[in-house]
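S.K.: This structure is in C-alpha cells; I'll ask about it shortly.
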Amino acid sequence: MKAMFLHGLGQDSSVWKQVLDNIDNHTDALCPDLSTWLMNKQTCYLSLYQELERQCAKLPKPMDLCGISLGGILAMQYAIEHKDEVHSLVLIATQYTMPKGLLKLQNILFHFMPRAAFTSMGFQKKNFIQLCKSMIDLDFCDSLAMLTCPILIVCGEKDRANKKVAIQLQARIPHAKLVIIADVGHEVNVDAPIELGKEIKDFYEEVRSKERSDTICI
C-alpha cells in the first residue's frame, strides 16, 4: 500500500529515513520536500494543501498518510476531505486548531532571526513568515468527526506545546490510539526515529490484523 510521510516546518524529507528503516513494507514510501511544492506559487498553507491534493491524485488508493506538525495538519485535512482515499492516518505533534497567540509570538521572533537561519529550511525569511501567518485561522474542531479511518496520535513527552493537544485530540476522536514517547520533545522523528518507527510499524500491523479478522468474520 502506498504511503506518504509529510515533514514539519523547518525540516526536510531526510528526517524520515531512520523512521522508515524501522517500518516494514514501506521502503517505497513517498517523502516529499514541502518547500519544493511552493516553487513558483504563493507561499501559503493553501498552496501547500492544494499541491498535496494534486500529488495524492496520482497515487493508488486508499493510502497511508503520516505527518508531523505542519505535515500532520496537511495529512489531517486531506483525511477529512478525502476520507474514502485514506487507509490510515498518523498524526505526530499535530494541532487541530491553531494557537493564535503562540503563532503570533513565533512570527515576532522570526523577524529578529537572521535570513541565513531560514535557508536550510528551503525558504526565504519573508516567505517562511508568510507561510506561518497563513495558518493562523486554521480550525478543524468541527470536522474531526469526519475522520473515520484508523488513527495513531503521537507526541513527545517533553513537547509541552502539543502534549495537551494530543490528549484532547484523542478525546475528540475516541477510536484513535494515543502514544506518548518518553523523554522526547517536538521533533519525535528526529530525536526518537527508532521508537517512532516501531510505534508506526505496530500500528500498521494492528490495522492489517483487524482487517484480516474482519474479512474472516464476513
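The values are calculated or read from the model by the stated rules, or taken from the named source; none is laboratory data. Fair warning: this is a prediction, and the values are worked out from it, not measured in the lab. Methodologically, a virtual Cβ is constructed for each residue, glycine included, from the backbone with ideal geometry; neighbour enumeration extends over all protein chains shown. These accessible areas exclude ligands, DNA and RNA; they are computed on the full protein's heavy atoms, side chains included. Shrake-Rupley method; radii C 1.70, N 1.55, O 1.52, S 1.80 Å.
S.K.: From the list 200, 194, which residue is open to solvent by less than 70 Å² (accessible area, probe 1.4 Å) and either modelled with pLDDT under 95 or β-branched (Val, Ile, Thr) (or both)?
M.R.: 200
S.K.: Could you tell me whether residue 154 is open to solvent by 60 Å² or more (accessible area, probe 1.4 Å), outside any loop (DSSP other than H, G, I, E, B), touching a residue at least 60 places away in the same chain (Cβ under 8 Å) and within 24 Å of residue 98 (Cα to Cα)?
M.R.: no
S.K.: Here's something else I'd like to know. For the stretch 138-146, does any single residue satisfy the condition of being open to solvent by less than 10 Å² (accessible area, probe 1.4 Å) and closer than 15 Å to residue 92 by Cβ?
M.R.: Looking through the stretch 138-146, none of the residues is open to solvent by less than 10 Å² (accessible area, probe 1.4 Å) and closer than 15 Å to residue 92 by Cβ.
S.K.: Right, another one. Closer than 29 Å to residue 177 by Cβ and at pLDDT 85 or above, is that true of residue 39?
M.R.: Judged against the criteria, residue 39 is not a match.
S.K.: Here is a further query. May I ask you to verify whether residue 18 is open to solvent by 20 Å² or more (accessible area, probe 1.4 Å) and more than 20 Å from residue 190 (Cα to Cα)?
M.R.: So residue 18 does not fit the description; no.
S.K.: As an exercise: evaluate residue 205 against (1) in a helix (DSSP H, G or I); (2) touching a strand residue (DSSP E or B) at 6+ places or on another chain (Cβ under 9 Å) and give the number of the one condition it does not meet.
M.R.: For residue 205, the exception is condition (2).
S.K.: Separate question: Out of 2, 83, I need the residue that is over 28 Å from residue 133 (Cβ atoms), in contact with a Leu (Cβ under 6 Å, 6 or more places away or on another chain) and at pLDDT below 95. Which one?
M.R.: It is 2.
S.K.: List the pairs whose first member sits in the stretch 191-202 and is free of Cβ contacts under 8 Å to residues at least 60 places away in the same chain, whose second member is of a type in the set (D, E, K, R) and open to solvent by less than 70 Å² (accessible area, probe 1.4 Å), and whose Cβ atoms are under 9 Å apart, counting only residues at least 6 apart or on separate chains?
M.R.: Sorted first by the residue in the stretch 191-202, then by its partner, the list stays empty.
S.K.: A follow-up question, please. Looking only at residues in the stretch 157-180 that are among the charged types (D, E, K, R) and in contact (Cβ under 8 Å) with a residue 60 or more places away in the chain, which one is least open to solvent (accessible area, probe 1.4 Å)?
M.R.: 159
S.K.: Picking from 131, 196, 169, which residue would you name as being in contact with a helix residue (DSSP H, G or I) (Cβ under 6 Å, 6 or more places away or on another chain) and in a helix (DSSP H, G or I)?
M.R.: Going through 131, 196, 169 in turn, just one is in contact with a helix residue (DSSP H, G or I) (Cβ under 6 Å, 6 or more places away or on another chain) and in a helix (DSSP H, G or I): 196.
S.K.: Only residues that are loosely packed, with under 14 Cβ neighbours inside 10 Å, in contact (Cβ under 8 Å) with a residue 24 or more places away in the chain and among the hydroxyl-bearing types (Ser, Thr, Tyr): list them for the stretch 25-72, please.
M.R.: Across the stretch 25-72, the qualifying residue is only 36.
S.K.: State all residues of the stretch 26-50 that are in a loop (DSSP other than H, G, I, E, B) and either touching a strand residue (DSSP E or B) at 6+ places or on another chain (Cβ under 9 Å) or acidic (Asp, Glu) (or both); if no residue qualifies, say none.
M.R.: 26, 28, 29, 31, 32, 33
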